[in-house]
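See structure below.
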Amino acid sequence: MGERLNRNERGADGVSLEDQVRILRAQLNEAQKLTALGELTSTTTHEFNNVLMTIINYAKIGMRHKDEPTRDKALEKILNAANRAAKITNSVLGMARNRSDKQEPTDLHQLIDDSMVLLEREMTKYRISVEKHIDAVPQVVVNGNQIQQVMLNLLINARQAMPEGGRLIIRATHDVAAGMVDLTVRDSGCGIPQEKLRRIFDRFYSTKDGPDASGKGGTGLGLAMCRDIIEAHHGRIRVESTVGKGTAFTLKLPAVKVNAKPAATAVPVLGIRAQSTASENPV
């Protein structure tokens with residue numbers, strides 16, 4: 001009887017159902033990573049293209065005009081664009097170098113700045129005004145790469161929720177009692193209906209019809225990935241949304257304890273519980 005039950009728990013290929021679930025989960029995690037990588041590549045490519053067009057256009061102006069003031073202005077614009085390209089490169093290289101799953105003390109302010117470098121032109125293009133309200137928060141114990149992935153996902157979602165432009169607020173505060181740092185991304189977009197809000201962290205569920213004009217979003221994997229990452233950091237994520245007014249995602253990340261030994265280096269670098277405006281539900 002025991003053998004019959006054991007065989008019944010195996011698929012046609014002899015692999016146990018438990019192992020099949022484990023394999024499928026690993027494959028899904030890889031798909032989530034590839035999706036995040038694809039969106040990062042798309043974002044970086046667009047940003048670099050904007051920088052290159054600025055350099056090319058001002059180089060042409062400098063070549064056409066012989067007067068010194070015009071050439072000086074063109075060279076200044078080219079220098080500014082090149083410095084911006086360097087920032088983008090450094091941000092991407094920082095993510096590429098940090099490939100481990102190690103969690104360590106990380107400067108959240110630097111993480112936010114690095115994320116915004118990759119999306120600054122995109123926010124400008126879609127007429128999104130960005131406000132940052134960052135308190136004097138302690139470092140957080142996270143994996144920089146992973147938390148930046150979450151941050152980029154939330155920022156892109158916020159931008160997509162405001163197709164006609166709007167206001168994006170990034171806020172960081174220290175919850176001393178809980179030993180956590182709260183990072184909130186709030187938009188003034190269309191909001192999410194309550195019947196959809198409870199499912200937004202489900203894999204392959206999306207409130208969008210597909211990728212937008214920039215090729216981002218619509219897979220239903222982004223927020224599910226965010227949930228997995230934050231849960232792995234022993235953190236939480238809450239979402240509050242009101243139709244017609246906007247949506248706010250709050251990440252609760254573990255803060256470095258005051259008596260903790262300082263790390264040799266702080267690496268710049270993104271769990272999830274879903275909460276509607278009325279309640280908080282674990283996901």
- Message: Taking R0 as 45 Å, what FRET efficiency do you get between Ile61 and Val15 from their Cβ-Cβ distance, rounded to the nearest 0.05?
- Response: 0.10
- Message: For region 139-209, compute Rg over Rh where Rg is the Cα radius of gyration and Rh is the Kirkwood radius from the inverse mean 1/r over Cα pairs.
- Response: 1.01
- FRET efficiency for Ser42 and His234, Cβ-Cβ distance as r, R0 = 45 Å, nearest 0.05? 0.90
- Note on the structure: Around Asn57 (Cβ within 13 Å, Cβ-to-Cβ, excluding Asn57; K/R +1, D/E -1) the net charge comes to +4
- Rough spin-label spacing in nm, given labels placed 7 Å along Cα→Cβ, for His109 and Ser129: 2.4 nm
- Query: How many angstrom lie between the C-alpha centres of region 154-175 and region 124-140?
  - Reply: 9 Å
- What pairs from Lys196/Lys245; Lys87/Lys252; Lys132/Lys245; Lys125/Lys245 go past 24 Å between their alpha carbons? Lys87/Lys252
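Values quoted throughout were computed directly from the atomic coordinates according to the rules given, and no laboratory measurement underlies them. For clarity, every value in this text was computed on a predicted model and none was experimentally measured. Quick reminder, even Gly has a Cβ in these numbers, built from the backbone with ideal geometry, and neighbours come from all protein chains shown.
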